[in-house]
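Data block below; observations after.
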Amino acid sequence: EERPRLNACHAWARAHGLPAFDDEDAFTLGLGKHSTSWTLDALPNDEELAACDAQSIPLAYLTGTNGKTTTTRMVARIAQTAGYKPGNTSSDGIIVNGAPIEEGDWTGPGAARMDLRHPEVDVALLETARGGLMRRGLVQPDADVALVTNISADHLGQWGLTDVHALADAKLVVARAVRPGGQIVLNRDCPILVSAFERMDDSFKENRDICWFSTDADAPREGLAGWLEGDELVLALDGADDFRFCVRDIPLTLGGAALHNIQNALAAALVARALGFECESIREGLASLLPNEDDSRGRCNLYEVDNKYLLLDFAHNPGGLKMMAELSKRWPDGGRYFLMGQAGDRNHALVEELAQEAVSIGLDGVVVKNLPGHAYERDPNEVAQCQVDALYKAGQKEGTVTHIPDEVEAASALIDMASESSLIFLIAHENVSGIMEMLNSRGAALAKIPEQLS
């Protein structure tokens, strides 16, 4: 009512089938490199709107509990390989054509609008987190593709989401934003997600292509689908032979030990294919993304120092730690050490579940750190003590858990504690840069995949 011209601009865009959005700063017609924006106090008339070369660009929403950032990075690299300039939002920042334009946790509508207004972006890959979905929803209702990687317990008790089934329903909002004829990519290995999708309206599903991926070669599938068969990822393509590529040719899988990144690669391949990218671009993109600071900062970065393997990662919930346990089983024999921290908004049940997953790895030592930036008005030391107690309750050997408040000092102490040939899980949350600087000062080098895996 206060801005009749803004309503008129949106009505004009709808009448002409063009994407448009606004916020407290501006109205935007078109997306990415085809967008034009006006401040709200200088809105265009119909003639000015018609004079714009407003168009859409390929757009994908990517969400889930774990794997969002890595999968988004994978799709962005595939897009670059195909000659595009992707704009991707993530918990690391807003990235355009591989270069950060904003750093920090950018996974909500504000990040999406910045991405969709950037004059270079010609494909938008929007990592979309639960918080932004629940607070403000989505910027665009007509996505080409939506991905949900998996669902597991995380952030429960916030925004009315009290269990994993409600969380799954919330994550699937991205699927509801897919245009008729678009693709929805889902993880068949996640029973909670499968159940939630089955609850959605059949009439909605009939107008979209559902693309499932799985690590089970015998999982049911039809149309565009992806699965793991032996040591190969396989894409089933409509009207063409299956496309296959070797797991060991994807560096982020760590020779096949990182099952979670096999799942992420399957998801990324399906999203990329649904967006129209050729299979060779998918192969080249996945093969070129390395487990290092430049390509995959803070996720599955593998280093070596003092004859010890260091895996720098972000695992922060039971689902993430379950994947770390799976990786540990596939890794050559040796000690296992873990850097652990948790936010203050986690309830006791979730902390205990987290501890159980950590202990299942078979840990020779644990260092618990503080996360003051995520204390949620609790004493960080008290949060850490809850983790120490939960670890011992879960069966961790007495005397093998140490509390060191500072994240970087805790990581360094864990390396000193570990024996040679150990696998050390450096789970970094608030000070990834500080931990990387510490590793550089200790002469850490990118590790080669052990022969048993390669």
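The values are calculated or read from the model by the stated rules, or taken from the named source; none is laboratory data. Nothing here was measured: the structure is a model prediction, and the numbers come from that model. Note: ideal-geometry Cβ built from the backbone for every residue, glycine included; neighbour counts use all protein chains shown. These area figures cover heavy atoms from the full protein model, side chains too; ligands, DNA and RNA do not enter into them. Shrake-Rupley method; radii C 1.70, N 1.55, O 1.52, S 1.80 Å.
Of the residues screened, T89 is not one that is in a helix (DSSP H, G or I) and in contact with a strand residue (DSSP E or B) (Cβ under 6 Å, 6 or more places away or on another chain). Here the condition is being open to solvent by less than 20 Å² (accessible area, probe 1.4 Å), small (G, A, S) and within 30 Å of A13 (Cβ to Cβ); of G181, G132, it holds for G132 alone.
Go through T69, T28, T63 for me and flag whichever is more than 30 Å from L259 (Cβ to Cβ), among the hydroxyl-bearing types (S, T, Y), open to solvent by less than 10 Å² (accessible area, probe 1.4 Å) and in contact (Cβ under 8 Å) with a residue 60 or more places away in the chain. So that I can check it myself, show each step before the final result.
Values: T69 fails: more than 30 Å from L259 (Cβ to Cβ); T63 fails: more than 30 Å from L259 (Cβ to Cβ).
Step by step, each of T69, T28, T63 is checked, and only T28 is more than 30 Å from L259 (Cβ to Cβ), among the hydroxyl-bearing types (S, T, Y), open to solvent by less than 10 Å² (accessible area, probe 1.4 Å) and in contact (Cβ under 8 Å) with a residue 60 or more places away in the chain.
Of the residues making up the range 352-369, just one is modelled with pLDDT under 90 and either farther than 19 Å from L311 by Cβ or among the β-branched types (V, I, T) (or both), namely E353.
Every test in (1) in a loop (DSSP other than H, G, I, E, B); (2) modelled with pLDDT under 95; (3) of a type outside the set (D, E, K, R) is passed by T70 save one, and that test is (1).
Only strands (runs of 3 or more DSSP E) whose full extent lies in the range 232-340 are considered here, and the ones with at least 3 residues that are open to solvent by 10 Å² or more (accessible area, probe 1.4 Å) are 243-246, 308-313.
A quick yes/no check of all residues on (1) at pLDDT below 85; (2) over 26 Å from Q80 (Cβ atoms); (3) in a helix (DSSP H, G or I):
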{"position": "E120", "(1), (2), (3)": "no, no, no"}
{"position": "G131", "(1), (2), (3)": "yes, yes, yes"}
{"position": "V139", "(1), (2), (3)": "no, no, no"}
{"position": "I151", "(1), (2), (3)": "no, yes, no"}
{"position": "H155", "(1), (2), (3)": "yes, yes, no"}
{"position": "D169", "(1), (2), (3)": "no, yes, yes"}
{"position": "R179", "(1), (2), (3)": "no, no, no"}
{"position": "G182", "(1), (2), (3)": "no, no, no"}
{"position": "L186", "(1), (2), (3)": "no, no, no"}
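Only residues that are within 19 Å of G335 (Cα to Cα), of a type in the set (A, V, I, L, M, F, W, C) and touching a residue at least 40 places away in the same chain (Cβ under 8 Å) were counted across the range 400-454, and they come to 16. For the range 204-219, a residue qualifies if it is assigned to a loop (DSSP other than H, G, I, E, B) and farther than 19 Å from V173 by Cβ, and the qualifying residues are T215, D216, A217, D218, A219. Selection within the range 429-454: residues that are modelled with pLDDT under 85 and among the polar types (S, T, N, Q). The member of this set that is most open to solvent (accessible area, probe 1.4 Å) is Q452. Here the range 91-125 is the region considered, the condition is being closer than 20 Å to A146 by Cβ and touching a Lys or Arg at 6+ places or on another chain (Cβ under 7 Å), and the residue that is surrounded by the most Cβ atoms within 10 Å (Cβ to Cβ) is V121.
For residues in the range 73-118 being in contact with a Phe, Trp or Tyr (Cβ under 6 Å, 6 or more places away or on another chain) and modelled with pLDDT of 95 or more, which is farthest from N317 (Cα to Cα)? Here the answer is A82. Screening S37, S56 for residues that are of a type in the set (G, A, S), open to solvent by 40 Å² or more (accessible area, probe 1.4 Å), outside any loop (DSSP other than H, G, I, E, B) and more than 30 Å from L259 (Cβ to Cβ) leaves exactly one candidate, S37. Here I192 qualifies as in contact with a His (Cβ under 9 Å, 6 or more places away or on another chain), surrounded by fewer than 23 Cβ atoms within 10 Å (Cβ to Cβ), β-branched (V, I, T) and more than 30 Å from S441 (Cα to Cα). So which residues in the range 99-117 are in contact (Cβ under 8 Å) with a residue 40 or more places away in the chain and over 18 Å from the mean Cα position of the chain (by Cα), if there are any at all? Selection gives R113, L116, R117.
Candidates in the range 79-90 are the residues that are buried (at least 19 other Cβ atoms within 10 Å of the Cβ) and small (G, A, S); of these, the one that is farthest from the chain's Cα centre (by Cα) is A82. Screening the range 30-61 for residues that are among the hydroxyl-bearing types (S, T, Y) and touching a Leu at 6+ places or on another chain (Cβ under 6 Å) and picking the one that is nearest to R73 (Cα to Cα) gives Y61.
Is the range 215-224 home to any residue that is open to solvent by less than 20 Å² (accessible area, probe 1.4 Å), at pLDDT below 95, under 26 Å from K329 (Cα atoms) and out of contact with any Cys (no Cβ under 7 Å at 6 or more places or on another chain)? Outline the logic, then answer.
Start the filter on the range 215-224 by keeping residues that are open to solvent by less than 20 Å² (accessible area, probe 1.4 Å), which leaves 219.
When the remaining residues are screened for being at pLDDT below 95, the result is 219.
Those still in the list that are under 26 Å from K329 (Cα atoms) too: 219.
If we keep only those that are out of contact with any Cys (no Cβ under 7 Å at 6 or more places or on another chain) too, we end up with 219.
Yes, some residue in the range 215-224 is open to solvent by less than 20 Å² (accessible area, probe 1.4 Å), at pLDDT below 95, under 26 Å from K329 (Cα atoms) and out of contact with any Cys (no Cβ under 7 Å at 6 or more places or on another chain).
Taking the range 361-389 as the range and being surrounded by fewer than 19 Cβ atoms within 10 Å (Cβ to Cβ) and basic (K, R) as the test, only R378 passes. Candidates in the range 193-216 are the residues that are of a type in the set (A, V, I, L, M) and more than 18 Å from the chain's Cα centre (by Cα); of these, the one that is farthest from Q263 (Cα to Cα) is M200.
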